[in-house]
Every structure is written in structure tokens, then in C-alpha cells.
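**Student:** Dropping the structure in here first, questions after.
Taken together, the values in this text are just the output of simple stated rules run on the coordinates, not laboratory data. Please read these numbers as outputs of a predicted model, since none were measured by experiment. FYI the Cβ positions are ideal-geometry reconstructions off the backbone, even for glycines, and counts take in every protein chain you see.
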Amino acid sequence: FAPIRSRHALVAHHQQHQSTLTTLQAGGFEWEDPTSEYADPGIENPYKNPSLKSSSENSDDSSSGDLKIDAARLLSPRLKGCNIYLIGLMGSGKSAIGDTLARRMATYNFLDMDSILERAAGMSIPSIFETEGEEAFRHAEATVLDSVHAHIRCVISTGGGVVLRNQNWSKLQTGIVVYLKCSPEVIIQRIEGTDRPLLQTSNPLETLKNIYEERREKYEQADVTVEIGKEMDVSKACEEVVKAVHEFIDENPPAYKTAKMKAQADGLDWVN
Ligand SMILES: Nc1ncnc2c1ncn2[C@@H]1O[C@H](COP(=O)(O)OP(=O)(O)O)[C@@H](O)[C@H]1O
Ligand SMILES: O=C(O)C1=C[C@@H](OP(=O)(O)O)[C@@H](O)[C@H](O)C1
């Protein structure tokens with residue numbers, strides 16, 4: 001599939017697109033959906049829902065022929081379709097790392113919520129902020145999350161502010177939430193001069209530091225935190241995410257499996 005990558009492309013004729021944004025906010029929008037063949041609104045997170053069954057937890061569908069097997073590729077069968085949500089400050093690398101991660105996992109699709117929103121609204125994010133305001137944007141963002149969370153086998157790059165609304169957490173928690181923790185000082189060097197609307201101030205670093213302080217607790221609600229250091233390029237950061245998610249799964253086996261192992265250890269019969 002072709003990942004959706006256009007970011008913040010400026011679109012003129014704001015008036016013309018206002019009705020599209022209203023439709024989007026009402027939930028009635030269409031988007032280029034590369035995952036439709038996997039769509040399964042009934043998916044639940046086996047790592048968090050104790051009622052879910054697990055098939056062979058260590059099954060590996062990646063052993064065929066000349067496929068290069070790496071730790072990222074081995075994540076897919078362990079996740080059983082469960083989505084990975086990347087959260088973190090703007091510029092922390094959610095899009096870049098998410099795209100790389102999905103490619104390496106091979107059986108996962110990459111979805112970028114900001115890009116989906118821009119396409120569905122027919123407006124760039126700066127235009128939405130400028131003409132409709134932040135509240136309208138947050139509303140649209142929540143609607144996009146409602147839509148994408150119904151899909152499985154996705155690495156999803158969220159917008160930095162998705163953590164702000166409590167209602168969004170009920171969707172994020174259907175997947176494994178990975179916080180890319182990166183300092184404002186490192187980030188600002190990468191994104192200074194770009195069109196992120198919240199950073200159009202006289203002192204973007206100070207603004208980003210304030211946003212970080214305001215959101216810190218929310219980001220820390222993630223299942224997994226990965227520190228993205230100054231010297232860590234996208235490839236290395238992706239490796240660290242893979243390692244951290246494997247560790248999360250090791251420590252949080254599906255509850256069904258734990259119950260089954262315990263029952264067997266206790267000499268009880270287990271009825272599937
Ligand atoms: N670990 C990294 N090392 C170097 N550059 C990075 C890294 N992560 C992201 N970038 C670059 O920083 C910019 C912002 O990254 P992006 O993935 O768009 O962040 P986000 O999606 O979190 O807003 C992009 O130009 C991206 O290529
Ligand atoms: O942090 C935020 O509130 C925002 C982050 C942006 O996404 P990225 O985190 O992908 O830059 C985008 O959703 C919007 O500009 C608001």
C-alpha cells in the first residue's frame with residue numbers, strides 16, 4: 001500500500017473546505033484506508049483484556065525462505081494484530097519512526113493521523129488552526145482516532161496533542177501505547193522553522209518546554225517509554241522501540257495465557 005505521507009501541505013480556499021471539516025467532525029468522512037482488508041472493529045487488546053484467548057504466543061510466521069528475520073519482524077506474530085500507538089511531543093519522531101517500524105515489521109501498516117486528518121478535511125493543519133481554531137482541530141483529531149482505532153495491524157503516529165482528551169485514551173488503550181520521550185532542546189533543532197501552529201511564537205523553545213511540562217504526566221501514562229537521545233537516528237530509535245515493545249510483551253503476556261499456564265502448573269485441566 002502507499003503510506004499517506006503528505007504533511008501540512010498548504011491548501012488554499014479555506015471557505016470551500018469548511019463544510020468538509022464539519023463533516024469530518026461529525027464522523028462522516030472517508031479516508032484513504034490501506035488497512036481495509038484487515039478491518040475488524042471487534043479487535044481487542046489481548047495484553048489488556050483478560051477475557052481474550054491467545055493462540056500459540058510464540059508462533060513465528062516469519063521463517064519462510066529468504067525473508068530477513070529481525071526483531072521487528074518477530075514483533076508482528078507476538079502482537080496478534082494489536083496496534084502500536086506512538087505518542088510524544090511534536091517533532092519527537094512519531095511519523096519518521098512509525099513509518100520505519102511498520103516497514104520493518106512487514107505485516108503492519110503505517111497510519112499517520114495528522115495526514116489522514118488533513119486529507120479528510122481537505123485543509124492543512126495550520127489552516128485548520130488558523131481558520132477554525134484549536135478546539136475544532138481537537139474535535140476532528142478525536143474523530144480520526146475513533147476511525148483508525150477500529151483497525152488492526154497498524155503502527156499509528158498520533159498528533160502530539162492526542163493525549164489531552166481523556167476520551168482519546170479509551171481508544172489509545174486498545175493498543176500498545178509507546179511514548180517517544182525526546183527533550184525540547186533536541187526537538188527544536190529538528191523542527192525549527194516548520195509550520196507547526198503551536199510553535200509560531202517569538203520563542204519556540206520556551207513554548208515547547210511549557211507544552212512539555214503541561215503534558216508530561218499524560219505522556220507518562222503510556223505502556224512503554226523510549227528515550228530518544230540526541231545522537232539516536234531514526235533507525236536506532238526504531239530498534240529501541242522494538243526492544244521495548246518485546247519487553248512489554250514479555251512482562252505482560254496475554255492474561256489468558258497466564259491463567260492457562262497457572263492452571264496447568266497447578267495440575268488442573270484446562271478447557272479451551
Ligand atoms: N531520531 C531522529 N534523528 C534525526 N532526525 C529525526 C529523528 N526523528 C525524527 N527526525 C526528523 O525530525 C523531523 C520531525 O520528525 P517527525 O517524525 O515528523 O515528528 P512527529 O511526527 O513526532 O511530529 C523530521 O524531519 C524527521 O525526519
Ligand atoms: O502537539 C500538538 O498539539 C500538535 C502536534 C502536531 O502533530 P505532530 O506531533 O505530528 O507534529 C499536530 O497534530 C498539531 O500541530 C498539534
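**Student:** What net charge is computed for the residues neighbouring E213, neighbours being all others with C-beta under 15 Å from the C-beta of E213, Lys and Arg scored +1, Asp and Glu -1?
**Tutor:** 0
**Student:** Moving on to the next point. Considering all alpha-carbon pairs of segment 56-195, what whole percent are spaced by more than 26 angstrom?
**Tutor:** 29 percent
**Student:** Can you give me the long-range amide H partners of F110? Hydrogens built in the peptide plane at 1.01 Å from N, cutoff under 5 Å, separation of 5 or more residues or another chain.
**Tutor:** Those qualifying (amide H under 5 Å, at least 5 residues apart or on another chain) are V155.
**Student:** Still on this structure, please answer the following. How far, in nm, would the chain grow between L198 and K230 when pulled straight, counting 0.36 nm per residue and subtracting the alpha carbon separation?
**Tutor:** Result: 9.3 nm gained on full extension.
**Student:** Which order, highest average first, do 99-109, 244-254 follow once you tally other Cβ atoms within 10 Å for each residue and take the mean per peptide?
**Tutor:** Going from most to least packed, we get 99-109, 244-254.
**Student:** Which order do R216, R196 fall in if you start with the one that has the fewest other Cβ atoms within 10 Å?
**Tutor:** Ordered by Cβ neighbours within 10 Å, fewest first: R216, R196.
**Student:** If you bin every alpha carbon distance in segment 100-151 into 10 Å steps from zero, what whole percent lands in each bin?
**Tutor:** Histogramming segment 100-151 at 10 Å steps yields 23, 45, 24, 8 percent.
**Student:** Once the piece of chain linking A106 and R216 is laid out straight, how much longer is it, given 0.36 nm per residue of separation minus the C-alpha distance between them?
**Tutor:** Separation in residues times 0.36 nm, less the Cα-Cα distance, equals 36.4 nm.
**Student:** Give me the net charge of E227's neighbourhood, meaning all other residues with Cβ under 9 Å from the Cβ of E227; Lys, Arg count +1, Asp, Glu -1.
**Tutor:** Around E227, the charge tally is 0.
**Student:** A follow-up question, please. Rounded, prolate or oblate: pick one for segment 184-236, where a ≥ b ≥ c are the square roots of the eigenvalues of its C-alpha gyration tensor, a/c under 1.5 means rounded, and failing that, prolate if a/b is larger than b/c, else oblate.
**Tutor:** oblate
**Student:** Same structure, new question: Which cross-chain or sequence-distant (5 or more) residues have an amide H under 5 Å from the amide H of Y85, H modelled 1.01 Å from N in plane?
**Tutor:** Under 5 Å from the amide H of Y85 lie the amide H atoms of I156, I176, V177, V178, each far enough along the sequence or on another chain.
**Student:** Through the Karplus equation 6.51 cos²θ - 1.76 cosθ + 1.60, θ set to phi - 60°, convert the phi angles of segment 208-223 into ³J(HN,Hα) values in whole Hz; use x for Gly and Pro.
**Tutor:** Here the 3J(HN,Hα) series is 5, 4, 5, 4, 4, 4, 5, 9, 3, 4, 5, 4, 6, 7, 4, 6 Hz.
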